[in-house]
Structure formats: structure tokens, C-alpha cells
Amino acid sequence: MRRILDTTPSDIKFDKSGDVGLFRAQGSNRAVSLPEVAVASLRGNLPPDLKNDLGAHGIGAEGVYQTPDPTLPNGCHIAEVEIDQATGASKLVGYWVVDDFGRVINPMVVEGQVDGGIVQGIGQALLEHARYDAETGQLLTGSFMDYGMPRADDVPPIHFKTNEYPAPHNPFGLKGCGEAGTVGALGAVTNAVIDALKEFGVTDIEMPATPEKLWRLIQAGKTAA
């Protein structure tokens with residue numbers, strides 16, 4: 001600050017009356033805010049003694065806030081799936097999700113996070129299967145030629161909305177959203193598959209619900225009938 005205000009440290013006083021506070025040079029109209037001081041420190045134009053104290057990154061601050069109680073994000077996911085009885089191939093034809101993440105600061109980023117998580121969940125529910133050789137332990141699905149990943153034509157339009165109830169346990173009313181898409185998609189997609197096969201007596205299925213697995217369940221159900 002002494003370099004910015006061109007004065008000695010003893011002549012600098014901090015004025016807390018404003019919104020952010022100002023460092024003022026006594027006997028002049030020169031003043032600088034703490035954010036401006038931080039920006040100047042990050043530009044690298046520091047004397048050697050300050051560089052030694054602050055390091056290469058200038059002025060910084062860290063803080064930890066511990067909420068007294070956990071936040072509880074929640075939501076509802078609905079998937080619609082169609083299954084070809086002749087081949088066992090499944091197709092997602094619709095997906096709807098409503099989530100409560102508390103107060104949403106950036107809706108576009110939140111929707112993108114949820115969409116990406118849903119696609120990840122669709123992959124685990126229907127396609128992705130790591131298989132190993134029983135004798136050697138060699139991974140058999142070591143490339144995307146063998147390991148099924150969801151592509152654009154595997155994903156239906158995702159209809160997303162938020163239902164905001166601010167969390168009472170932190171100052172901003174925030175709740176987490178990082179894994180909500182994946183967690184909801186696993187149950188929604190798998191249960192949609194089970195519901196589609198209920199006429200064949202299917203009540204449970206182990207992920208991933210591949211076409212071969214679904215075809216075998218359908219044939220077993222027809223035989224049992």
C-alpha cells in the first residue's frame with residue numbers, strides 16, 4: 001500500500017465507513033480499497049521484501065465455514081424406456097427431472113451439471129461394463145471399441161427444472177448439486193427397464209441392462225409363462 005499511496009506506512013489509516021473500506025494516506029485525498037491492493041499484489045510489481053512475505057501469488061485469503069447441520073438437496077427423476085422384445089435393445093424416449101438445490105446462483109451451469117450426470121447414469125445403467133478374463137485378469141473392455149459409452153443418439157431430450165427451497169443452514173441458502181444427475185438416473189432408468197419387463201416377471205436387474213441381458217430375461221419370462 002505504501003507504494004500505491006506513495007507514503008509511509010505510519011501515514012496510512014484504514015477507514016471502515018464505506019462498503020468495502022478504504023486505506024487512506026493521511027493529509028491527502030489518495031485512497032485505495034482492499035480489492036485494489038489485492039489486484040496490485042497479483043500483478044507482480046512488488047518490492048523484494050514483500051515478495052518474500054507474500055510469495056509469488058500476492059495477497060490471498062482462505063476461510064472455512066462449517067454448517068451446523070447438513071444440507072439436503074433432493075429431486076425427482078422420471079425416465080421412459082422402450083424395449084424391443086425380439087432383440088432386447090432398449091431406447092430411452094424421454095427424461096424429466098426436477099431438483100431442489102436451494103438457491104441457484106448460475107442456472108446454466110447447474111443444468112449442465114445435471115445433464116452431464118444424467119448421461120453418466122444412463123451409461124452405467126444401460127451400457128458400461130468392465131469385463132475381465134477369468135483366468136488372467138486381463139481387462140477385455142479396455143477401449144471404446146469394447147466399452148459402451150453413451151452417445152448422442154442414446155440420450156433423449158432432458159427436461160430440467162429446479163424447485164428452489166433455500167437451505168436454512170448457510171448464509172446463501174445453497175445445497176449441493178454435483179452428483180444429483182447420476183444418482184437419480186441410475187434408479188430412474190433401471191426402474192423404467194424393470195417396469196417395461198414386468199409382464200415377463202422381471203422384478204430386479206443388475207446393471208448394466210445390456211440388450212443380451214434383457215433378451216435373456218424376456219426369453220426366460222416367455223418360457224416360464
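Bear in mind these aren't lab numbers, they're just calculated from the coordinates by the rules spelled out. Just so we're clear, the structure is a prediction, and the values are computed from it rather than from any experiment. Methodologically, a virtual Cβ is constructed for each residue, glycine included, from the backbone with ideal geometry; neighbour enumeration extends over all protein chains shown.
All conditions in (1) in a loop (DSSP other than H, G, I, E, B); (2) over 25 Å from the mean Cα position of the chain (by Cα) hold for residue 217, with the sole exception of (1). Restricting attention to the range 84-100, the residues being touching an Asp or Glu at 6+ places or on another chain (Cβ under 7 Å) and surrounded by fewer than 19 Cβ atoms within 10 Å (Cβ to Cβ) number 3. For the range 184-225, the set of residues classified as touching a helix residue (DSSP H, G or I) at 6+ places or on another chain (Cβ under 8 Å) and of a type in the set (S, T, N, Q) consists of 190, 203, 210, listed by residue number. Which residues, counting only those in the range 165-190, are surrounded by fewer than 21 Cβ atoms within 10 Å (Cβ to Cβ) and within 17 Å of the chain's Cα centre (by Cα)? Those that are surrounded by fewer than 21 Cβ atoms within 10 Å (Cβ to Cβ) and within 17 Å of the chain's Cα centre (by Cα): 174, 176, 178, 179, 182, 183, 186. Taking the condition hydroxyl-bearing (Ser, Thr, Tyr), touching a residue at least 12 places away in the same chain (Cβ under 8 Å) and assigned to a helix (DSSP H, G or I), does residue 223 pass? So residue 223 fails the test. Of the residues making up the range 141-154, not a single one is more than 21 Å from residue 213 (Cα to Cα), in contact with a strand residue (DSSP E or B) (Cβ under 7 Å, 6 or more places away or on another chain) and not in a loop (DSSP other than H, G, I, E, B). Restricting the first member to the range 93-111 and to residues that are over 23 Å from residue 156 (Cα atoms) and in contact (Cβ under 8 Å) with a residue 24 or more places away in the chain, and the second to residues that are of a type in the set (Val, Ile, Thr) and loosely packed, with under 14 Cβ neighbours inside 10 Å, no beta-carbon pair is closer than 6 Å while six or more apart or on different chains.
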